[in-house]
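Have a look at the structure below, then the notes.
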Amino acid sequence: MQITRQADYAIRAVLYISKLNANQRAATSQIAKEQRIPPSFLAKIISQLSIAGLLQTSRGARGGVTLAKSPEEVSLLDVVEAIDGPITLNECVHDDGTCNFGEDCPLRPIWCEAQQDLVNRLKRTNFAQFISQN
């Protein structure tokens with residue numbers, strides 16, 4: 001499993017914004033430059049994160065982007081799922097009817113457990129943890 005480039009860019013953008021002071025806003029052009037994200041791609045990402053309620057945007061001379069919540073309240077899972085949708089290691093995890101073996105499949109429990117472990121890890125990891133590491 002690999003997250004999309006868009007999700008990776010979103011994580012880097014949110015991390016950058018998380019490091020700002022509470023009353024500070026970041027210009028998308030500055031985020032794009034410092035995080036090496038194509039500006040047009042970043043605009044789409046910012047829009048998706050804003051719709052998901054993770055970012056607030058404002059236009060104008062004093063405009064920019066800021067977190068809609070505190071860094072402690074934004075998890076890696078929030079960002080990944082806002083961009084890529086729910087994490088699914090195998091389609092049978094959400095719909096056991098897709099497997100030809102049904103309930104007799106010896107692999108489904110492993111996929112379910114691995115997916116839950118990943119989701120839990122991403123949910124437990126918030127952006128405040130990255131700020132405190134620097």
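Assorted remarks:
- Within region 46-72, if we keep just the residues that are free of Cβ contacts under 8 Å to residues at least 12 places away in the same chain and not in a helix (DSSP H, G or I), the residue that is nearest to the chain's Cα centre (by Cα) turns out to be Thr57.
- Test result for Gly53, at pLDDT 95 or above and at positive phi: yes
- Some residue of region 72-92 being at pLDDT below 90 and touching a strand residue (DSSP E or B) at 6+ places or on another chain (Cβ under 9 Å): no
- Any hit, region 87-98, residues being in contact with a Phe, Trp or Tyr (Cβ under 8 Å, 6 or more places away or on another chain), among the charged types (D, E, K, R) and touching a residue at least 12 places away in the same chain (Cβ under 8 Å): no
- Being free of Cβ contacts under 8 Å to residues at least 40 places away in the same chain, among the small types (Gly, Ala, Ser) and outside any helix (DSSP H, G or I) holds for only one residue in Ala22, Ala43, Ala32, and it is Ala22.
- The requirement of being touching a residue at least 12 places away in the same chain (Cβ under 8 Å), crowded, with 17+ Cβ neighbours inside 10 Å and touching a Pro at 6+ places or on another chain (Cβ under 6 Å) is fulfilled somewhere in region 113-128, by at least one residue.
- For region 6-36, residues that are surrounded by fewer than 16 Cβ atoms within 10 Å (Cβ to Cβ) and hydroxyl-bearing (Ser, Thr, Tyr) total 1.
- Taking the conditions (1) surrounded by fewer than 16 Cβ atoms within 10 Å (Cβ to Cβ); (2) within 23 Å of Asn23 (Cβ to Cβ); (3) touching a helix residue (DSSP H, G or I) at 6+ places or on another chain (Cβ under 7 Å) in turn, Thr98 satisfies each one other than (2).
The values are calculated or read from the model by the stated rules, or taken from the named source; none is laboratory data. Values in this document were obtained by computation on a predicted structure and should not be read as measured data. All Cβ positions, even for glycine, are placed from backbone atoms using ideal geometry, and neighbour counts span all protein chains on display.
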